[in-house]
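What follows is a short report on a single structure.
Values quoted throughout were computed directly from the atomic coordinates according to the rules given, and no laboratory measurement underlies them. Given the structure is predicted, the values throughout are model-derived calculations rather than measurements. With ideal geometry, Cβ positions are generated from the backbone for all residues, glycine too; neighbour counts draw on all protein chains shown.
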Amino acid sequence: MAVRTALAALAATAAASTALALAGCGQSESLNVVEGEPVTLGTLSYNVSITRFLNPFDTEDRAYLAGQKPLPSGKQWLAVFMDIHNEGDAPATVPSDLRVTDTQGNEYRPVPSQSVFALQPGAQIGPHDDLPEPESAAANGPIQGAMVLFQIREASIENRPLVLSIPGPGGETGTVELDI
C-alpha cells in the first residue's frame, strides 16, 4: 500500500511539474480566464477590459444606453467592454450567442444596442483586424472597448462571480470571470 501511495504521489508531482513547465513556455492556453486576460477561440482573441453596471442617470452611461427603454423593476444594466483581434488570414464572425451566467445558473443574453460603443454580435472582423475598429467611437471612448450590453436581475448581483461565456469553433467555449 505504501508503494502505491508513493507512486501516486510521484505521478502527481510529475504531472504538476509538466503542467508548470508547459505554462512557463507558453505552451498551454486556458479557455477559462479572468477579466483582463485574453482567451483565444479559433482565430479570434477576446480580452475583456472592464465590466460595470450602467446608471441611466449618469451622463457618460447615457451614451452607452442610447435607444434603451427604462428598465423594469428589479433589473440592472451590465456592460462588458472588450477588444477582439482576428489573428487569422480570413474574415471571422463574432459569435451572437454570448451569455453571462451567475452562480445560481441564471443566464443572460446580449441586449440589442444602438449605441456607437456597442459590439454587434454576428459582426464580421477582417483578417488581422480589431474590434472595436481603430478611430471608432468605441476605440477612442472613455473605456476604449466595444460594449456588449446585458439586462440582468438585481438578485444576480449577489450571485457572483458572473461569468461571460464565448462560443468558439468546434464546440469549444471560453469563459471570462467578470470582475465587478
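Points worth noting:
- Yes/no for A90 being over 23 Å from I143 (Cβ atoms) and among the hydrophobic types (A, V, I, L, M, F, W, C): yes
- Taken together, Q144, Q151 contain a single residue that is surrounded by fewer than 19 Cβ atoms within 10 Å (Cβ to Cβ) and in a loop (DSSP other than H, G, I, E, B), which is Q144.
- All positions within the stretch 111-134 that are among the aliphatic types (A, V, I, L, M), closer than 20 Å to T43 by Cα and assigned to a loop (DSSP other than H, G, I, E, B): L119, A123
- Selection of the stretch 79-101 for residues being charged (D, E, K, R) and either in a strand (DSSP E or B) or crowded, with 20+ Cβ neighbours inside 10 Å (or both) yields D83, R99.
- Among (1) over 21 Å from G88 (Cβ atoms); (2) in contact with a helix residue (DSSP H, G or I) (Cβ under 8 Å, 6 or more places away or on another chain); (3) in a loop (DSSP other than H, G, I, E, B) - the single one D179 does not satisfy: (2)
- Residue list for the stretch 154-180, filter: surrounded by 15 or more Cβ atoms within 10 Å (Cβ to Cβ) and charged (D, E, K, R): E177
- Verdict on A137 being without any contact (Cβ under 8 Å) to a residue 24 or more places away in the chain, out of contact with any strand residue (DSSP E or B) (no Cβ under 8 Å at 6 or more places or on another chain), farther than 20 Å from T40 by Cβ and among the hydrophobic types (A, V, I, L, M, F, W, C): yes
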